[in-house]
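Structure first, then comments.
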C-alpha cells in the first residue's frame with residue numbers, strides 16, 4: 001500500500017492534529033467500518049465531535065450491522081444511525097448522492113488538547129466537507145488505532 005497522505009492542522013485551541021487519509025474509493029470505508037463496529041465495538045466510542053459538542057457514545061453490546069443502498073446501519077436495538085459509505089442510488093440526484101457519500105476518511109492523532117493530552121481516532125466527512133462521525137480509539141493503548149492506520153492508510 002502507498003504511503004498515506006498526511007497533513008497537520010493547528011486547531012483553534014493550539015493543539016495539533018495530524019491526519020492520515022484513507023482511500024474512499026470502492027468499498028474501503030465500508031469494510032473499515034464493518035470491522036471497527038463489528039469486531040471492536042467494546043473498545044471504541046463514536047459520534048460527531050465538533051466545536052461546542054462531542055458525542056462520545058459507547059456501546060453496551062455488539063451492534064447489528066447492515067447495508068442498504070450504500071448506507072451502513074449500526075443498530076444497537078434501542079437506537080441506530082446510518083452512514084453513507086458506498087454508492088447511493090436511491091431516488092437522490094447524482095449531486096445529492098455525491099454529497100451524502102463519504103468524501104474523505106482519515107485517521108488522526110491530536111496532541112496538546114484541553115480534554116486529553118493525546119487523542120487517536122478516525123473521522124469521516126461527506127461531500128460538503130461536513131463531519132459525519134468521529135471514532136475514538138482507546139487511550140493510551142494505541143495498538144488498535146496503529147493497526148487500522150497501517151492497514152487502511154498505509155502508515
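Nothing in this text is a laboratory measurement; each read-out follows from the coordinates by a stated rule. As the structure is a computational prediction, the values presented were derived from the model and not from experiment. Because the Cβ atoms are built from the backbone with ideal geometry, glycine has one as well, and the counts that use them run over all protein chains shown.
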Can you divide the C-alpha Rg of the chain by 2.2 N^0.38 Å and report the result to two decimal places?
1.02
Taking only the Cα positions of the range 83-155, the convex hull volume per residue in Å³ is 100
Label-to-label distance, nm, for residues given as residue 69 and residue 40 (7 Å Cα→Cβ offset):
3.1
Relative contact order, percent, of the chain when contacts are C-alpha pairs under 8 Å separated by at least 6 residues?
26
Sum of -39500 (n - 2.57) over DSSP H runs of 4+, divided by residues of the chain (222 nm, nearest 500):
-5500 deg cm²/dmol
Which of these, 85, 36, 22, has the largest mean-square fluctuation under a Gaussian network model of the chain (Cα springs below 10 Å)?
36
Fewest-first sequence of 108, 137, 59 by Cβ atoms within 10 Å of each Cβ:
59, 108, 137
Residue exposure sequence - 24, 135 - by fewest surrounding Cβ within 10 Å
24, 135
Please compute the modelled spin-label separation between residue 87 and residue 143, points set 7 Å along Cα→Cβ, answer in nm with one decimal.
3.9
Points 7 angstrom from Cα along the Cβ direction at residue 16 and residue 51: gap in nanometres?
2.1
Which FRET efficiency value, to the nearest 0.05, is calculated for residue 111 and residue 76 with the Förster distance at 35 angstrom and r the Cβ-Cβ distance?
0.65
Sequence gap at least 6, Cα distance under 8 Å: using those rules, report the relative contact order of the range 1-87 to the nearest whole percent.
18
Full-extension gain between residue 94 and residue 62, please, as 0.36 nm times their residue separation minus the C-alpha to C-alpha distance.
8.1 nm
Looking at the chain as a GNM with Cα springs under 10 Å, which of 88, 40, 80 has the largest mean-square fluctuation?
80
With springs connecting C-alpha atoms under 10 Å apart, model the chain as a Gaussian network and identify which of 109, 58, 89 has the largest mean-square fluctuation.
89
